[in-house]
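Structure record follows, encoded as structure tokens.
The values are calculated or read from the model by the stated rules, or taken from the named source; none is laboratory data. Nothing here was measured: the structure is a model prediction, and the numbers come from that model. Using ideal geometry, Cβ is built from the backbone for each residue, glycine included, and neighbour counts are taken over all protein chains shown. Only protein heavy atoms, including side chains, enter the accessible area calculation; ligands, DNA and RNA are left aside. Shrake-Rupley method; radii C 1.70, N 1.55, O 1.52, S 1.80 Å.
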Amino acid sequence: MWNIKSGENVTAGLPSPRQQKRLDIGGFVLPVVLLGLVILSVIAATALMSSGDEQRSSRAMRQGSDAFYAAEAGINKESTQLDDYDLGALGPGDSLDLPWVDLGNGASYHATIYRHDVEDGRPELYILQVEGRGRGIAGSSRSISLTLYNNANAGYMLGGCCNSAVTVRGTVGLLNTVTVDGRDAHPPGWESADVCLEELNDRAGLIMDDTTLLTMESGVDMQGDPPLAQVRLEDIDFDEFGGIGWVEIKNRATHIIDASAGQLRLDDGDIYPRYNADGSCDTSHRFNWGSKDPSDPCFNFFPIILVKGEVELARVYGQGVVILDWNEATLTGGEFELEDQDEFNGIILGKGCVEVERNSIFRGAIFTDGQYRNEASCSEDDDFAMGDATTSVTWSQCAVDRAIVNGGLDDVATPTLNGRIQPVGSRAFTELLR
């Protein structure tokens, strides 16, 4: 049937070609619209997710900064308070876990101290690790580690010894242009071995019971804080040494040099380091008086040497604690003489006399009584005598402390300088995102 108006052949119940075309177009648009809606939805969702990620990232960075500054605050605070903790109770491999600290702004930190194995004679090493946390549960954790070493107690005193380069009860003779110096000095090479305090602690040059008994030529160089002082000294000052008495300190002697029968002269062919078959230091040999070389196995060996009678040294190096014995039978003290290019680092104490002459060098402290019980006499010389231009006695805190600690007398000595934990300078940083 024809539609006269439209000129189309119209079949009853069927769409015309034009209607069919319209239907086809309508069926195509719907999927396109739906696809467009899906794409827009995806874009919108992506934009929302991106915005959320940026927000979370910004928050995490902010909280990460909080965590870093919390760790920084913890490392700064705890590194200044380490002396308040009993780190001496930590053995190698042990650790000390400290409580969390709230900084008040929502951030916090937590510190742990680890003790590490070290070589014998070296300061203990510690690691201070501080974890900082930012505000909230989605922040980050940042840690800072600091390597430290223990600068042990120092400035040891054994009773009245040692608080000057030289302390003498009796006569003193300083001839030519010798040097008595109370300004602290480290033995050469010991600074690089990390066995001496960084700071120097000056003492008096010469302390005497009676300065009228001093004979000093015009060219003598005497330095210190003060260079010369008069202090009342009595027998008891030479009978008690820290936590032990005269007999007890003598009983701690590891070497006995007995020259009671007559003068004993020792030179570099007698006094020198000895070693065991495995290369370790032979601490049993009475003529092994240690080594000044930090790389030597005997560097940390400081014997306690009991001197009976008159002992004279020539071209000898020694280190340790020399004790001048008192002879009850003859009522005389021991004599210890550095006579010819000798060098000794440590302590000389007791009841007797000391000579440092002919280009010899002593570093540490001398504390002797040449008039014990008003009887002690040492040949025909002064109770303390020095001679020749290049001869010197210099106060050394390091030599005194090493002699006391390595000689095993630190259990009865009194430290006057508190040790402290000091940073080595190694610092590490780690970050953990949460």
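So, in the stretch 229-274, of the ones that are part of a strand (DSSP E or B) and free of Cβ contacts under 8 Å to residues at least 24 places away in the same chain, which residue ends up farthest from N406 (Cα to Cα)? Among those that are part of a strand (DSSP E or B) and free of Cβ contacts under 8 Å to residues at least 24 places away in the same chain, it is Q230. Only strands (runs of 3 or more DSSP E) whose full extent lies in the stretch 136-201 are considered here, and the ones with at least 1 residues that are open to solvent by 10 Å² or more (accessible area, probe 1.4 Å) and at pLDDT below 90 are 140-151. Considering only residues in the stretch 82-98 that are open to solvent by less than 60 Å² (accessible area, probe 1.4 Å) and free of Cβ contacts under 8 Å to residues at least 24 places away in the same chain, the one that is farthest from the chain's Cα centre (by Cα) turns out to be L98.
Of all the listed residues (T368, T414, T391), the sole one being within 25 Å of L90 (Cβ to Cβ) and modelled with pLDDT of 85 or more is T414. For D267, indicate whether it is closer than 29 Å to A185 by Cβ, of a type outside the set (G, A, S), in contact with a strand residue (DSSP E or B) (Cβ under 9 Å, 6 or more places away or on another chain) and surrounded by fewer than 17 Cβ atoms within 10 Å (Cβ to Cβ). Judged against the criteria, D267 is a match. For the residues A253, A229, A204, the requirement of being open to solvent by less than 50 Å² (accessible area, probe 1.4 Å) and farther than 24 Å from T391 by Cβ singles out A253. I'd like to know if the stretch 303-313 contains one or more residues that are surrounded by fewer than 19 Cβ atoms within 10 Å (Cβ to Cβ) and either touching a residue at least 12 places away in the same chain (Cβ under 8 Å) or farther than 21 Å from C398 by Cα (or both). Checked against the condition, which is being surrounded by fewer than 19 Cβ atoms within 10 Å (Cβ to Cβ) and either touching a residue at least 12 places away in the same chain (Cβ under 8 Å) or farther than 21 Å from C398 by Cα (or both), the stretch 303-313 yields no hits at all. Remark: E328 matches the filter, which requires a residue to be among the acidic types (D, E) and either at pLDDT below 95 or open to solvent by 50 Å² or more (accessible area, probe 1.4 Å) (or both). Within the stretch 193-225, the set of residues being of a type outside the set (D, E) and without any contact (Cβ under 8 Å) to a residue 24 or more places away in the chain comprises T211, T212, S218.
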